[in-house]
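Everything on this sheet refers to the single structure shown next.
The values are calculated or read from the model by the stated rules, or taken from the named source; none is laboratory data. Values in this document were obtained by computation on a predicted structure and should not be read as measured data. Every residue, glycine among them, receives a Cβ derived from its backbone with ideal geometry; neighbour counts consider all protein chains shown. Surface accessibility is based on the protein's heavy atoms, side chains included, excluding ligands, DNA and RNA. Shrake-Rupley method; radii C 1.70, N 1.55, O 1.52, S 1.80 Å.
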Amino acid sequence: MKVGCVREIKNNEFRVGLTPDNVKAYVAAGHEAFIEKGAGIGSGFPDADYEAAGAIMKEEASCVWKNADMMVKVKEPLPPEYPLFHEGLILYTYLHLAPDPEQTEALIRGKVKGVAYETLQEKDRSLPLLIPMSQIAGRLSIQEGAKYLEKRFGGEGVLLAGVPGTPKANVVILGGGTVGTNACKIAVGMGANVTIIDISLPRLEYLDDRFGSQIQTLVSTDANIERAVKEADLVIGSVLIPGASTPKLFKKKYLKEMKPGAVFVDVAIDQGGCGESSRVTSHDDPIFIEDGIVHYCVGNMPGAVPRTSTIALTNATIRYGLQIANLGLEEACRKNPVIYSAVNTYVGKTAFPGVAECYPEMEYADIRALIG
Ligand SMILES: NC(=O)c1ccc[n+]([C@@H]2O[C@H](COP(=O)([O-])OP(=O)(O)OC[C@H]3O[C@@H](n4cnc5c(N)ncnc54)[C@H](O)[C@@H]3O)[C@@H](O)[C@H]2O)c1
């Protein structure tokens, strides 16, 4: 197959779909890799490394699109890229079609086989192409929170770990899933007092086993949350109910009861946020202060660390990407049925039930029945 990768054109997106090591793997499997010059620069991968890995470098993104049987990207294509689609192209990337009718129509019109990272679900129901980004956001949440506790940003002016003879900071984590566990790991490592609150008793049991006496676990009730955040220096919002809107567990009334200059990092903001006072911010302008509490609500936190994010993402995508390139999408689905769950559009039809529900006017194909 001819596998392509272009520079991401979304504002402030520095990740890239293929690393030089990925190129080496595709070339070793007998494929050709077409890479736009400069595609990896934002993640610290120079053109020379791609060339050394066996890539064919192209000056223009349009040449890569034209040549490719399969495009590997990070973000969804944007309108200037729609005219570059061609029939049968496999587009392997994050798509997020539900809120994006324009892109969905373009993929359908272009008869593109849209394979979305975010819906690929393993047999144990995990989402392996989303997990690395949650791991990064969780770890980063403590790093960012620690920074915004500094006085110059409006923070309380406390050091998370303290020093001998001073109190350690109190970190409260709402939601102990992938983000929450990774936040916990870093906060514990930095020496903070950590309380983690979750609705799931089995999850609390796991966290208690894993971190032992280093953390306090609490079951999620309004009373427990209110008591914990009153004493908190840093609160992390990392709650998720799959397929439902995020519950607003961090109430506006708590702000006045908290320590002035405490920090709230609402990682769940990409799903609406778990704070009543949260609103989306960006890497250019990440914080705002409400009732004396510093709010950090960046919706694409991994974008702050594109090199780590690219390596983490491609570590997960390469496995399925190679299966698709080696066998073709259809045979890859038959051999590894997990890949069916990632097919969102298929030559002129929607192919994922959640996407089809959003666009009843578009033709839907049951991909398993169609491919067999
Ligand atoms: N801002 C970003 O850049 C970024 C990056 C990655 C993930 N996220 C978001 O972070 C959030 C968490 O993601 P995740 O991968 O950790 O999800 P996850 O499913 O692994 O964890 C969610 C946790 O929330 C818990 N929960 C559900 N309802 C609760 C309640 N009422 N009280 C307390 N806990 C409750 C669940 O039991 C689960 O343990 C998601 O909204 C995700 O989209 C944001």
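Quick notes on this structure:
- Lys151 being farther than 25 Å from Arg15 by Cβ, touching a residue at least 60 places away in the same chain (Cβ under 8 Å) and over 22 Å from the mean Cα position of the chain (by Cα): yes
- Residues of segment 100-121 classified as within 14 Å of the ligand (Cβ to nearest atom) and open to solvent by 30 Å² or more (accessible area, probe 1.4 Å), total: 1
- Members of segment 91-129 that are over 20 Å from Glu330 (Cβ atoms) and β-branched (Val, Ile, Thr): Thr104
- Residue match in segment 295-315 (condition: within 16 Å of the ligand (Cβ to nearest atom), of a type in the set (Phe, Trp, Tyr) and either at positive phi or open to solvent by 10 Å² or more (accessible area, probe 1.4 Å) (or both)): no
- Selection count, segment 317-372, where residues are open to solvent by 30 Å² or more (accessible area, probe 1.4 Å), of a type in the set (A, V, I, L, M, F, W, C) and out of contact with any helix residue (DSSP H, G or I) (no Cβ under 7 Å at 6 or more places or on another chain): 4
- Every test in (1) assigned to a strand (DSSP E or B); (2) in contact (Cβ under 8 Å) with a residue 12 or more places away in the chain is passed by Thr310 save one, and that test is (1).
- Test: residue in segment 33-45 that is part of a loop (DSSP other than H, G, I, E, B), open to solvent by 10 Å² or more (accessible area, probe 1.4 Å), of a type in the set (Gly, Ala, Ser) and in contact with a Lys or Arg (Cβ under 9 Å, 6 or more places away or on another chain): yes
- Test for Lys151: is it within 19 Å of His295 (Cβ to Cβ), loosely packed, with under 15 Cβ neighbours inside 10 Å and either among the polar types (S, T, N, Q) or at pLDDT 95 or above (or both): yes
- Test result for Phe288, open to solvent by less than 50 Å² (accessible area, probe 1.4 Å), part of a strand (DSSP E or B), in contact with a His (Cβ under 7 Å, 6 or more places away or on another chain) and within 14 Å of the ligand (Cβ to nearest atom): no
- Top-ranked residue in segment 211-261 [being within 13 Å of the ligand (Cβ to nearest atom) and of a type in the set (Lys, Arg); ranked as most open to solvent (accessible area, probe 1.4 Å)]: Lys248
- Counted residues, segment 323-362 - those being in a loop (DSSP other than H, G, I, E, B), farther than 17 Å from Gly88 by Cβ and touching a residue at least 12 places away in the same chain (Cβ under 8 Å): 4
- Within segment 81-108, the set of residues being among the hydrophobic types (A, V, I, L, M, F, W, C) and touching a strand residue (DSSP E or B) at 6+ places or on another chain (Cβ under 7 Å) comprises Leu89, Ile90, Leu91, Leu95, Leu97, Leu107, Ile108.
- Residue in segment 6-23 that is buried (at least 19 other Cβ atoms within 10 Å of the Cβ), basic (Lys, Arg) and closer than 22 Å to Glu118 by Cα present: yes
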